[in-house]
Amino acid sequence: MKSAELDRLARQYGISPTRPSPDDREVAISADTKRKILSALEVELSAPTDRETKGPRREQQPERADKTIPKSFLPDFLFKTRIWGISLQLYELRSARNWGIGDFEDLSDVADLAGKLGADFIGLNPLHAPFLADPDRCSPYEPSSRQHLNPLYIAVDRLPGFVSSVELERQLEELRRSDLVDYAGVARAKLGTLRDLWRAWPQAGATDETYDPVDFDAFVTRGGNSLRRHALFECLSLSIAERGAGAGWQAWPADFRRSDSAAVAEFERGHADEVCFHMWLQWLAHRQLLQVADRAREAGLRIGLYLDLAVGEAVEGSATWSEPDVYISKATIGSPPDPFAIEGQDWHLAGYLPSAIAAGDGSPYRRMVSAAMRYAGAIRIDHAPALRRLFLVPLGSRPDGGAYVRYPQHRLLQILAETSTEHRCLVIGEALGMIPPDLPDELAAAQILSYRILSYEQDEKGFKPPDAYPVFGLTCISTHDHQTLAGWWRGADIQDRRDHGIVPPDLTAKHLQHRRRERRNLKAALRAAGIDVPARLSARASRETLRELTVSAYRFIARTPSLLVAVRLADLTDEKRPTNIPGTSDSYPNWRPKLSLSLEELASIPLLHCITAAMREERPRIRAARERSASRRISNRGPPR
C-alpha cells in the first residue's frame, strides 16, 4: 500500500499522526504502527498495492457536526450547597465478623457511620467481577468484566440458611488476623460455603423476602445472554484452571476459546446447575449491593454510593470471551512515553472498538455504565480522556510503538447524559496526566465533574489557593495510587519508587529536592488561606504533628468551591502502607493491605473526629434561605471552569 493511501486510512479511522515524547515533542507515528493499529481496528489491508482496501466489519461513523454538548445529571441540591464524603477500598475493611475481606455488610456499617458524621457519599474502588479461578489476580482495575459484580464481597453470614462450624470459624479467624487480604483463602471459604447454601437455597430462600426465588428468576431473565455467558465463563475458567491451565480464555484449549463453539455448548449442557450457581452469585451480590444503597439513603447520604469504573478489562477475561466482536483484540490500552514513564506504559487492558462502543440502543458503553449507575448516586470514570481517545499499543510492540485513536466523544457524552438522567447519577471524570488541552472545558460543559488532587494542583507559584479550584469538581488529597498526606510529607512515595526500581537514584535525588520545595509551598498555601500550620512541622515531623497537618490540609480543600470533597479513610486511620504502588507487580502486595484498625474501632479515632468536624464546619448543611442564595451564586458564575 502506498504511503498516501495508508495516511488517508489512518486519518479516516482516527489514528493520530503523532504522539508525545518525554521531552514534550511530537513524534511522528511510523507506517508500521499505522498498519498494526488499522489491523487492530479491523481494517483489512489488502496485500497488492493496486487493490482497493477493504473496510472494517463495522464502519466507524463520523462525529456529528452539532456542537451542542449533552449535559449529564446533577442533583438540584448541589446547586445549593457543597458536600463531602468518605473514600475507601472495600476489601481493606476489617471487622469482627467479616471473612478476611471487607464485604457489603461492612459497607452498610460504614454508611451508617458516615451518615452520623454528616457525609453525603461513600467512594469505592471498582466492584467489577474478577477471575474467581485466579483470586490472587486482584487489581480492581483489571477486571474480568465490568458488567458484573465481585462475588467475594458477598456477606455470606447474612444469607438465609447459613450456619457456621468450628472448622469454618477457625479458618475465618486466620483470614481476619492477616494484615493482607488472602484472596485465595477468602475465595475457598466463601465459594465452598456458598455451594453448600446453593444446594439448600430453594427451601431457605422461600422464607426470606430479600432472597425470594421469584426475584432470582426475574434477575436471570433480565440478565439474558450477558449474565449466562459470564456464569458459563466462570464455570469453564474454574474447571480448566483445576486441570492446570490458566484462568483466562487465551490459555484454554482451542475448542473453548469461543463462547459460541460446539465444545462450549456441550460443556454448558453438562454443567447447567453450575452455571445457574454462578448466576445466583451475581444475584446475591446484586441484592446485597442494593441493600447497601438503601442503607446509605436511610442514613442520610444524599449521593449514597459513588462507584469507580475501570478504563478497560482483562484481555482474556469474561467480557472479551463473551463479546469478542466489540473489543479490540490486536492492541491493548496504555499511555505514551512521559517524564515519569520514559518508555511509556502498556496497561494490558482490552478496550472497545471505536466503531462498536456506542453502536445501537443497547451499546456496550451504555450497558457498562448502566451496570454501575443502578446502584450509585455517582460514578467516577477512570481515565476520562478515553471518551475522546485511547492510546493503543499493538500486540508485540513496545508502548513507544503505539498511537492515539479517536473515539466517538459526542455520542459517548450523549449516552452518559441519558443514562445518568435515567438513574439520577452524577458523573465524575478523572483526567490526569497528558490530556487534550480543551478536554476539561468540554467535560465541564457536559456537567461531568473534574477530579482534583491536592498535590497536582500546583503551578509556578506553588499550590493553588482554594478559590482557584473549579466549582464543578471533586477535590481530594490523594487516591489509591498515592501515599496518605503524612506519607507524602515524609517523601515515602519517592522512596518507594526508588526502592522498587521504578526511578533511578539520580532522579530520586531530584524528586526529593522538589518535595522540599513542595513542603514549603504547602505551608505557605495553608497560611495564605488563614489555616493553622502546626508548630515543629519539619521533614521529620512527629506522627502527632503530621496528624495536625492532615486536619489542616482537609480544611484547606474543604474551603474550595468544588461541589464535592472526598476524605480518604486511609488518612483517617493514618495508614503507613500504600494501597498500590504504580509500576510494581511482584515486589509489592498491591491491592492487599488492610486498614490497621477495625470498623469497630473507627468511631473512637480522634483523627477521624477532628477531620470530619472540620468538614462539617467548612461544609455545613445550609438552610433553605441560604440554599436559594447559593443557588443564585452558582447560576451567575457563567460556564464552569
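The values are calculated or read from the model by the stated rules, or taken from the named source; none is laboratory data. Owing to the predicted nature of the structure, the values given are computational and were not obtained by experimental measurement. FYI the Cβ positions are ideal-geometry reconstructions off the backbone, even for glycines, and counts take in every protein chain you see.
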Residues being free of Cβ contacts under 8 Å to residues at least 60 places away in the same chain, surrounded by fewer than 24 Cβ atoms within 10 Å (Cβ to Cβ) and not in a helix (DSSP H, G or I) - total across the stretch 395-448: 9
Exactly one of Asp325, Asp361 is part of a loop (DSSP other than H, G, I, E, B) and out of contact with any strand residue (DSSP E or B) (no Cβ under 8 Å at 6 or more places or on another chain), and that residue is Asp361
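On the basis of being in contact with a strand residue (DSSP E or B) (Cβ under 9 Å, 6 or more places away or on another chain) and modelled with pLDDT under 95, does Gln60 make the cut?
On the way: in contact with a strand residue (DSSP E or B) (Cβ under 9 Å, 6 or more places away or on another chain): yes; modelled with pLDDT under 95: yes.
Considered against the rule, which asks whether it is in contact with a strand residue (DSSP E or B) (Cβ under 9 Å, 6 or more places away or on another chain) and modelled with pLDDT under 95, Gln60 comes out as yes.
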Expected single match for in contact with a Pro (Cβ under 8 Å, 6 or more places away or on another chain), in a helix (DSSP H, G or I) and in contact (Cβ under 8 Å) with a residue 24 or more places away in the chain among Ala187, Ala231 is Ala187
Please find, within the stretch 178-236, the residue that is surrounded by the fewest Cβ atoms within 10 Å (Cβ to Cβ) out of those that are among the aromatic types (Phe, Trp, Tyr) and under 15 Å from Val156 (Cα atoms). Trp198
Is it the case that Ile581 is part of a loop (DSSP other than H, G, I, E, B), hydrophobic (A, V, I, L, M, F, W, C) and in contact (Cβ under 8 Å) with a residue 60 or more places away in the chain? yes
Expected output for the stretch 460-482 (first residue assigned to a loop (DSSP other than H, G, I, E, B), partner of a type in the set (Lys, Arg) and at pLDDT below 95, Cβ below 6 Å, 6+ apart or cross-chain) is Pro470/Arg641
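Could you list, in sequence order, the residues of the stretch 137-149 that are touching a helix residue (DSSP H, G or I) at 6+ places or on another chain (Cβ under 7 Å) and either assigned to a loop (DSSP other than H, G, I, E, B) or hydrophobic (A, V, I, L, M, F, W, C) (or both)? Write out each step before concluding.
From the stretch 137-149, those touching a helix residue (DSSP H, G or I) at 6+ places or on another chain (Cβ under 7 Å) are 138, 144-149; that's our starting set.
The answer is Cys138, Ser144, Leu149.
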Looking only at the stretch 551-565, count how many residues are among the polar types (S, T, N, Q), buried (at least 24 other Cβ atoms within 10 Å of the Cβ) and assigned to a helix (DSSP H, G or I). 0
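Taking the stretch 459-475 only, how many residues are closer than 25 Å to Asp308 by Cα and either in contact with a Gly (Cβ under 7 Å, 6 or more places away or on another chain) or of a type in the set (A, V, I, L, M, F, W, C) (or both)?
3
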So which of Ala245, Ala231, Ala254, Ala241 is modelled with pLDDT of 95 or more, over 24 Å from Leu197 (Cβ atoms) and among the aliphatic types (A, V, I, L, M)? Ala254
